[in-house]
Amino acid sequence: MKRSVNFSFHHMVRIPEPELMEDPTQVESYDQADFESAHSFLIRKFQDRLPQRFVPESILDLGCGPGDMSSRLYSQFPNANFTFLDGSEFMLDRCKKRMGTLVSEKRKDKIDFKKELVQGFVPESPYDLVFSNSLLHHIHDPFEFWGAVQRSIHNDSFIFISDLIRPDSLTSANQLMERYAKEESEILKKDFYNSLLAAYRIEEVKEMLEITRLDSKLNLEPVTDRHWICYSKPRL
């Protein structure tokens, strides 16, 4: 049975965007964009929240995209087994190329690329670390995303998810686009704007966690004017 949630919208209504990036021009624009500042910041937040002496043997990157975050994860845990999953063949190809410059021949058997929709992903075994950046806002039924997360973890897994926050108005969305994507291509500016409109608000994500009963496992907090993070609570 498909679950649904009746959000009480006191803000701008969410406008979904396509689940997959399959336009080669769009993928190229996204791959060439300057995400250094935002991605470095989010990775620092991730590192700050990891348990001490945490060394995962298996890592899942849900919605790896062109692999910028993937390469940062790999650099931190170069001895782990990685699964990079994306539903877009173009995105996965970009990720493969990027990772190919980092991964030595003797390590390639520890890297798995899966062209698969998150909705149908059933891992062969759970992962020690489940990571996802900017995938949730692409998924039309958010519970498909959380279901994939739940299928991919064991009791001691660490989860880290980050995504955009939907602003209060179209005016606010335009201001954020001008502030953070002003120097980018028109394609990327439009894509960032559409992603802001498709994103979920903090209170909506909180309600998702409550419905899926993940609220007892995960902390949720805004970290910038356009990002939230969700991560495993410290074990007592």
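As a test, work out the antiparallel percent of DSSP beta bridges whose residues both lie in the chain, rounded to the nearest 5. Don't skip to the answer; put the middle values down first.
Values: 10 of 31 bridges.
DSSP beta bridges in the chain are roughly 30 percent antiparallel.
A P(r) calculated from all alpha carbon pairs of region 162-236, with 5 Å bins opening at zero, reads 3, 16, 23, 20, 14, 10, 8, 4, 1, 0 percent. The dipole here belongs to region 145-194: it is taken about the Cα centre, uses +1 on the Cβ of Lys and Arg and -1 on the Cβ of Asp and Glu, and is about 100 debye. Local charge for R235 was computed over the other residues whose Cβ lies under 11 Å away, with Lys and Arg +1 and Asp and Glu -1, and equals +1.
Find the Rg to Rh ratio for region 136-194, where Rh is the Kirkwood radius over alpha-carbon pairs and Rg uses the same atoms.
On the way: Rg = 15.6 Å, Rh = 13.9 Å.
Rounded to two decimals, Rg over Rh is 1.13.
Highest first, please rank the peptides 63-71, 115-123, 201-209 by the mean number of other Cβ atoms sitting within 10 Å of their residues.
Details: 63-71: 24.7, 115-123: 15.0, 201-209: 17.9.
By packing density, highest mean first, the sequence is 63-71, 201-209, 115-123.
The listed peptides 171-177, 84-90, ordered by packing as a protection proxy, come out as 84-90, 171-177 (highest mean of other Cβ atoms within 10 Å first). Projecting the Cα atoms of S152, T83, L164 onto the charge dipole of region 58-206, computed from C-beta unit charges around the Cα centre, puts T83 farthest toward the positive end. Shape summary of region 44-104, radius of gyration then Dmax from alpha carbon positions: 11.9, 36 Å. In this structure, the amide hydrogen of E116, modeled 1.01 Å from its nitrogen in the peptide plane, lies closer than 5 angstrom to those of D86, G87, counting only residues at least 5 positions away or on a different chain.
Quick note on region 107-236: its Rg to Rh ratio, both from C-alpha atoms and Rh being the Kirkwood radius, is 1.01.
If each DSSP helix of 4+ residues adds -39,500 (n - 2.57) and the sum is divided by the residues in the chain, what number results at 222 nm, nearest 500 deg cm²/dmol? Let's see the in-between values first.
On the way: 8 runs with 89 residues, N = 236.
That comes out to -11500 deg cm²/dmol.
Taking every eigenvalue of the Cα gyration tensor of the chain, multiplying by 5 and rooting it, what semi-axes result, largest first, whole Å? Provide the component values of the computation, followed by the final result.
Details: eigenvalues 133, 102, 56 Å².
With the √(5λ) rule applied to the chain, the semi-axes are 26, 23, 17 Å.
No value in this document is a laboratory result; all are computed from the given coordinates. Remember, predicted model here, so these are calculated numbers, not experimental data. Note: ideal-geometry Cβ built from the backbone for every residue, glycine included; neighbour counts use all protein chains shown.
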